[in-house]
Amino acid sequence: MSIEIAGLEPTLVEGMTSDELAAAMPELVTTFVGRATDRAIMWRDWSVRWLDAWSEHDLEGVLALVTDDVVYEDPSLFGERLAGKAALREVVAMTWRAFPDVRFELAGTPYLAVLGTGMAVPWRMRATFAGDMGGGPSPLGIAPTGRQFDTHGVDIYELSDGLLCRWSTTTDLFDLAQQVGMLPGPRTRLFQLGIRMQRLGAPLLRMIHRYGERAQR
């Protein structure tokens, strides 16, 4: 059941392994200043327009700032990746439908990548879960609870010719689910009951998994 670490293919970043990337850090940082200076205007112009479009619920304004083949990743998609403006249109429309009073703000200093055109942005999101998420791109087609929430996350943006080509967002879905009333708190009896049920069922799940592994050999 264990993963054979020695047989795993290394994860490469710009063609470098983890060790190679760590060893190259001094050189990357040295050359980073010049690259960041060249891209500062691009990032400023894009960021201002991006924030304005979200604040004004300007769907066409948002889509004007992304490439035709933009890729979007979100934990609510459960590992799926969405690609293209049409898919992103559904994401943005669902967000505003489910959270009509949503407000996004920067919650920390942006971090520029030492390689490529990436930028990581801590954010804060406040809204009321007042609209239906059904029919949207996420499998979480849940009904509104009317609860307000205040959550944080991090977006990773990559630009190509001044437009967003890749967008990966990360947030604590467990905390968000508790705030909107979908899940009980971790110290409640209901939550602890769920933990006990999982522990009771775990041996059976392990047995089923081992049987499946043997059947595949």
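Kindly provide the set of residues from segment 72-89 that are open to solvent by 40 Å² or more (accessible area, probe 1.4 Å) and in a loop (DSSP other than H, G, I, E, B), ordered by number.
Across segment 72-89, the qualifying residues are F78, G79, E80.
For segment 45-57, what are the residues that are within 19 Å of the chain's Cα centre (by Cα) and either within 21 Å of L112 (Cα to Cα) or without any contact (Cβ under 8 Å) to a residue 24 or more places away in the chain (or both)?
S47, W50, L51
How many residues are of a type outside the set (A, V, I, L, M, F, W, C) and either at pLDDT below 95 or touching a Phe, Trp or Tyr at 6+ places or on another chain (Cβ under 6 Å) (or both) when one looks only at segment 158-168?
Of the residues in segment 158-168, 3 are of a type outside the set (A, V, I, L, M, F, W, C) and either at pLDDT below 95 or touching a Phe, Trp or Tyr at 6+ places or on another chain (Cβ under 6 Å) (or both).
Does any residue in segment 21-44 that is in contact (Cβ under 8 Å) with a residue 12 or more places away in the chain and part of a helix (DSSP H, G or I) come within less than 7 Å, Cβ to Cβ, of a residue that is open to solvent by less than 70 Å² (accessible area, probe 1.4 Å) and of a type in the set (V, I, T) six or more places away or on a different chain, and which pairs are these?
L28/V114; V29/V114; F32/V114; R39/T117
Identify all residues within segment 110-127 that are at pLDDT below 90 and either more than 30 Å from G34 (Cβ to Cβ) or touching a Cys at 6+ places or on another chain (Cβ under 8 Å) (or both); write none if there are none.
none
Condition (residue is among the hydroxyl-bearing types (S, T, Y) and under 17 Å from the mean Cα position of the chain (by Cα)) applied to segment 134-156: is it met by at least one residue?
Scanning segment 134-156 turns up at least one residue that is among the hydroxyl-bearing types (S, T, Y) and under 17 Å from the mean Cα position of the chain (by Cα).
Of the conditions (1) over 22 Å from L82 (Cα atoms); (2) in contact (Cβ under 8 Å) with a residue 40 or more places away in the chain; (3) of a type in the set (D, E), E158 fails just one. Which one is it?
E158 satisfies all of (1) over 22 Å from L82 (Cα atoms); (2) in contact (Cβ under 8 Å) with a residue 40 or more places away in the chain; (3) of a type in the set (D, E) except (1).
Picking from A143, A130, which residue would you name as being exposed (fewer than 15 other Cβ atoms within 10 Å of the Cβ), at pLDDT 90 or above and hydrophobic (A, V, I, L, M, F, W, C)?
After ruling out the rest, the residue left standing is A143.
Among (1) open to solvent by 70 Å² or more (accessible area, probe 1.4 Å); (2) assigned to a helix (DSSP H, G or I); (3) in contact (Cβ under 8 Å) with a residue 60 or more places away in the chain, there is one condition E60 misses while meeting the rest; what is its number?
So E60 meets the others, but not (3).
T169 - would you say it is of a type in the set (V, I, T) and open to solvent by 20 Å² or more (accessible area, probe 1.4 Å)?
No; evaluated as a whole, the condition is false for this residue.
The values are calculated or read from the model by the stated rules, or taken from the named source; none is laboratory data. Since the model is a prediction, treat every value here as computed from it, not as a measurement. Glycine gets a Cβ as well: all are built from the backbone with ideal geometry, and neighbour counts include every protein chain shown. The area values use the complete protein model at the heavy-atom level, side chains included, leaving out ligands, DNA and RNA. Shrake-Rupley method; radii C 1.70, N 1.55, O 1.52, S 1.80 Å.
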